[in-house]
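Here the structure comes first, spelled out in structure tokens, and everything after it is commentary.
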Protein chains: 2
Amino acid sequence: MLSLWLLLLPCLSLVPLAPAEKGLDFPQYDGKDRVLDINDKNYKKALKKYSMLCLFYHEPIPDSKELQKRHQMTELVLELAAQVVEEKDIGFGMVDSNKDAKVAKKLGLEEEGSVYIFKADRVIEFDGLLSANTLVEFLLDLMEEPVEVIGNALELRAFDRMEEDIRLIGYFKSEDSEHYEAFKEAAEQFQPYIKFFATFEKSVAKELTLRLNEVDFYEPFMEEPVTIPGKPLSEEDLVEFITEHRRPTLRKLRAEDMFETWEDDIEGIHIVAFAEEEDPDGYEFLEILKEVARDNTHLPDLSIVWIDPDDFPLLIPYWEKTFKVDLFRPQIGVVNVTDADSVWLEMDDEEDLPSAQELEDWIEDVLSGKVIAT
Amino acid sequence: MLSLWLLLLPCLSLVPLAPAEKGLDFPQYDGKDRVLDINDKNYKKALKKYSMLCLFYHEPIPDSKELQKRHQMTELVLELAAQVVEEKDIGFGMVDSNKDAKVAKKLGLEEEGSVYIFKADRVIEFDGLLSANTLVEFLLDLMEEPVEVIGNALELRAFDRMEEDIRLIGYFKSEDSEHYEAFKEAAEQFQPYIKFFATFEKSVAKELTLRLNEVDFYEPFMEEPVTIPGKPLSEEDLVEFITEHRRPTLRKLRAEDMFETWEDDIEGIHIVAFAEEEDPDGYEFLEILKEVARDNTHLPDLSIVWIDPDDFPLLIPYWEKTFKVDLFRPQIGVVNVTDADSVWLEMDDEEDLPSAQELEDWIEDVLSGKVIAT
């Protein structure tokens, strides 16, 4: 049914229909080349020209036809993204790790397959799902202010709801405060992965029990924040604290940094929990999991990756096959990231969820090496 | 930079990287033809063979090369989806509205560009974003039980959180109750667009103030449900009530039925609100909007479409250009769906959100024809 050239294209997604109504017209790639072939001669100019420059750092173009098609698909994703954000003054380029080794070294590119975004004097690595959707959303997030200001109780509720994210909030005298300035500088170094908020309102600060120039650090899914010691805090203080406390006890797998998260295993394994938040059983299981995470957040070696299968529908059948589990119901297991071997906590059915205590015992067995993914 | 055959491909998205770690391997199309060319001779066999059959109903393949490429991309999306769900016993096919007009008529296919899913004796129309992601998620949702059972207070919290969806919940004696059976039959007719829940627990029913065999209907974003009159309710009673109350005062645009929602305009216009729920200003604006919707849900002509720009990053620059608005902050306007002309409520900046009263006055002006999208 399909002509040859289409045979090896890897997964792709959006196909715009042409509705009679206007207002939902998905962009189609117009065929114009926007992605630069970066080399020794043009990289400086490119860096100067755009407010942001995205460089895809890739291994040399392979001989195999299949891998070549894959590379061409990546180019297309970048071309489409470049077209969509063209008016936002964002440039795109590709850097070959062999041919352009010198440029790569100068620019500090290290991980093949990552996209590096140059913005002012910062470099941000994107090691997530290389889809036009995810990449464009990431770039637009980078264009927002690094610190969001919370001005009233309603906005504070929005802040309270973001339990999935690592976030910080500080109370400062005003926008002109030098301590707020340091906070903003630190925020830029973690944007958009870690969210920074500030308030200048006494009433909001009171609600948060924040004193002036104090900054609270919220680990995902924890009920209480940690107040960062020392105040006022310099940019360096903040960066140091965040860097040290960055790996949470429980984190949700996100498209924008999924590969980075997966690479951040502990001794070659991940504890992985599958739970669909929109499903009552999944929600119940997740609440039990959060309770266990809260009770054990002091354990430095405990890091659980929660995957909501709804976020990755194309991976569901793959995971079900690889891990031999039914993802229509909650699951928790240990996965070996080298070979994807795994072992899963037994539950008879979705009504047979473990209690917090049972889950804790199982996790203890995992950490002590009694449960091994083989 | 790109070879010719790639030039006209419309928007696509996922490109799997090849990480050294295992466990996140996105499927790539393997080149095998799985999508059937449906015709008079094979459609009956196909319907019998699979537990679900997805038919893409399309206009005749056009002469223009560009439109041909688009058609091929659609085929690829279907091929990839077919490959991913192959082991779930789901078949795929294409029906040409000209060549296969007779089959289309027999099967009741009407809207070109839609996918029709045949499952047992039901036909479900999918008029959403034709991406492998969205389609696969939709199909997996269709495989779940049509009614979710709520067994305890924690699961009830999951139900409470789903304010974006139209949902029903009924209290029945047991799984064997004939009234529960009728409820399940009705659920199948709206799956997966409308969510059905049931409880057999007195304590859960009490929390919901539900009497035996009573069913509550929750409109999105409303605080209080409506009890469906008459009890016990037959399948027909339920279907009739839902059909009549299906268009809500405020609804969120979702990928899985975005085109259907957009076609459901009122006299050629939509009131459209853009608000990023993850953003404090967006959240605040949305809360005001919900308040106005709750106060005015009695107005039959009031139907507001809320779009969270985060859900459609590729459309953001298009919308900003078409509607001449800044989507980094909340917006509300009237859009003419014929030509995408629009007019937007003036706000100086993101701190200048309208009060509920101001928003209500503006909406009143819209409904009375004082605000016109030109």
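The values are calculated or read from the model by the stated rules, or taken from the named source; none is laboratory data. Everything numeric here is computed off the predicted structure, so don't read it as measured data. A quick note on method: Cβ atoms are made from the backbone with ideal geometry, for glycine too, and the neighbour counts reach across all protein chains shown. We work out accessible area using only protein heavy atoms, side chains counted, and drop any ligands, DNA or RNA first. Shrake-Rupley method; radii C 1.70, N 1.55, O 1.52, S 1.80 Å.
When nucleic acids and ligands are ignored and a 1.4 Å probe is applied, A:Arg246 ends up with an accessible area of around 90 Å².
So what's the projected area for the stretch A:36-143, the Cα convex hull averaged over all directions, in nm²? Show your work: numbers first, answer last.
On the way: hull surface 25.2 nm².
For the Cα atoms of the stretch A:36-143, the hull's average projected area reads 6.3 nm².
With every protein chain left in place, what is the accessible area per residue of the stretch B:250-368 in square angstrom, probe 1.4 Å?
Numbers: 4450 Å² over 119 residues.
Dividing the accessible area of the stretch B:250-368 by its residue count gives 37 Å².
Give the residue list of trypsin sites (Lys or Arg not before Pro) in the stretch A:45-125 that are DSSP loop and have at most 16 other beta-carbon atoms within 10 angstrom.
Numbers: sites: A:Lys45, A:Lys48, A:Lys49, A:Lys65, A:Lys69, A:Arg70, A:Lys88, A:Lys99, A:Lys102, A:Lys105, A:Lys106, A:Lys119, A:Arg122; in loops: A:Lys99.
Answer in residue order: A:Lys99.
Take the accessible area of chain A alone and of chain B alone, subtract that of the pair, and you get about 10300 Å² summed over both chains, using a 1.4 Å probe. The GluC sites (Glu not before Pro) of the stretch B:273-349 meeting both criteria, a DSSP state outside H, G, I, E and B (loop) and at most 13 other C-beta atoms within 10 angstrom of the site's C-beta, are B:Glu346.
Entry note, chain A: the mean residue ellipticity at 222 nm calculated from DSSP H runs of n ≥ 4, each adding -39500 (n - 2.57), is -10000 deg cm²/dmol after division by the residues and rounding to the nearest 500.
For the stretch A:36-143, what proportion of DSSP beta bridges, expressed in % and rounded to the nearest 5, is antiparallel? Before the final figure, lay out the partial values.
Values: 10 of 19 bridges.
So the antiparallel bridges in the stretch A:36-143 amount to around 55 percent.
The Rg/Rh ratio for the stretch B:189-242 is 0.94, where Rg is the radius of gyration of the alpha carbons and Rh is the Kirkwood radius.
Let me check against my output: what whole-number percent is the relative contact order of the stretch B:147-245, with C-alpha pairs under 8 Å and at least 6 apart?
Numbers: 148 pairs, mean separation 35.2, N = 99.
So the answer I get is 36 percent.
So for B:Thr249, B:Thr227, what's the accessible-area order with a 1.4 Å probe, most first?
Details: B:Thr249 5, B:Thr227 65 Å².
Putting B:Thr249, B:Thr227 in descending order of accessible area: B:Thr227, B:Thr249.
How much length is gained if the chain between A:Val239 and A:Asn152 is pulled fully straight, taking 0.36 nm per residue apart and subtracting their Cα-Cα distance, in nm to one decimal?
Value of the extension gain: 28.6 nm.
Of the accessible area of chain B, computed with a 1.4 Å probe over protein heavy atoms only, carbon and sulfur atoms account for 46 percent.
Over the stretch A:256-368, what relative contact order in percent results from Cα pairs under 8 Å that are six or more residues apart?
Working: 127 pairs, mean separation 37.3, N = 113.
Reported relative contact order: 33 percent.
For B:Asp33, the distances from its label point to the matching points in the remaining copies are 3.5 nm, ordered from shortest, with each point set 7 Å beyond Cα toward Cβ.
Going down the list A:Lys252/B:Lys69; A:Lys65/B:Lys69; A:Lys290/A:Lys370; A:Lys88/A:Lys173; B:Lys119/B:Lys231; B:Lys65/B:Lys321, which pairs span over 31 Å between their C-alpha atoms? It would help to have the intermediate numbers written out before the result.
On the way: A:Lys252/B:Lys69 37 Å; A:Lys65/B:Lys69 21 Å; A:Lys290/A:Lys370 23 Å; A:Lys88/A:Lys173 33 Å; B:Lys119/B:Lys231 29 Å; B:Lys65/B:Lys321 27 Å.
Checking Cα-Cα distances, A:Lys252/B:Lys69; A:Lys88/A:Lys173 exceed 31 Å.
The modelled label-to-label distance for the pair B:Lys202/B:Arg294, using points 7 Å beyond Cα in the direction of Cβ, is 3.2 nm.
What is the calculated FRET efficiency for B:Glu145 to A:Lys321, with r their C-beta to C-beta distance and R₀ = 25 Å, to the nearest 0.05? Write down the numbers at each step before the final one.
Details: r = 22 Å, r/R0 = 0.90.
According to the calculation, E is roughly 0.65.
Between the alpha-carbon centres of the stretch A:71-138 and the stretch B:186-240 there is a gap of 50 Å. Taking all protein chains together and rolling a 1.4 Å probe, A:Ile150 ends up with roughly 0 Å² accessible. About its Cα centre, the stretch A:98-250 has a charge dipole of approximately 200 debye under the convention of +1 per Lys or Arg Cβ and -1 per Asp or Glu Cβ, with nothing else charged. If both residues of a DSSP beta bridge must be in the protein assembly as shown, then about 55% of such bridges are antiparallel.
Overall, the anisotropy analysis places the stretch A:147-245 in the rounded class: the square-rooted eigenvalues a ≥ b ≥ c of its C-alpha gyration tensor yield a/c less than 1.5.
Does the stretch B:268-330 come out rounded, prolate or oblate, given a ≥ b ≥ c as the square roots of the eigenvalues of its C-alpha gyration tensor, rounded meaning a/c under 1.5 and, failing that, prolate meaning a/b above b/c? Mind showing how you got there, number by number?
Details: a/c = 2.65, a/b = 1.42, b/c = 1.87.
Oblate, since a/c reaches 1.5 and b/c is not below a/b.
What does the charge dipole of chain A about its Cα centre add up to, to the nearest 20 debye, if the Cβ of each Lys and Arg holds +1 and the Cβ of each Asp and Glu holds -1?
Values: 39 positive and 85 negative charges, 447 e Å.
That gives chain A a dipole magnitude of about 2140 debye.
Sorting A:Glu164, B:Glu224 by accessible area puts them as B:Glu224, A:Glu164; the probe is 1.4 Å, largest comes first, and only protein heavy atoms count. Residue order by solvent-accessible surface for B:Ser51, A:Ser97 is B:Ser51, A:Ser97, largest first, with ligands and nucleic acids left out and a 1.4 Å probe.
Taking label points 7 Å from Cα along the Cα-to-Cβ direction, B:Asp25 and B:Ile194 give a separation of 4.3 nm. Using a ≥ b ≥ c from the Cα gyration tensor of chain B (square roots of the eigenvalues), is it rounded, prolate or oblate, where a/c under 1.5 gives rounded and otherwise the larger of a/b and b/c decides, a/b for prolate? Taking the square roots of the gyration eigenvalues as a ≥ b ≥ c, chain B is oblate. Average projection, convex hull of the Cα set of the stretch B:211-269: 5.3 square nanometres.
Rounded to the nearest 5, what % of DSSP beta bridges with both residues in chain A are antiparallel? Could the numbers behind the result be given before it?
Working: 26 of 50 bridges.
About 50 percent, rounded to the nearest 5.
Across the stretch A:43-187, C-alpha contacts under 8 Å between residues 6 or more apart give a mean separation that, scaled by the residue count, equals a relative contact order of 25 percent. Taking the label point 7 Å along Cα→Cβ, B:Glu112 and its counterparts in the other copies are spaced 4.7 nm apart, in ascending order.
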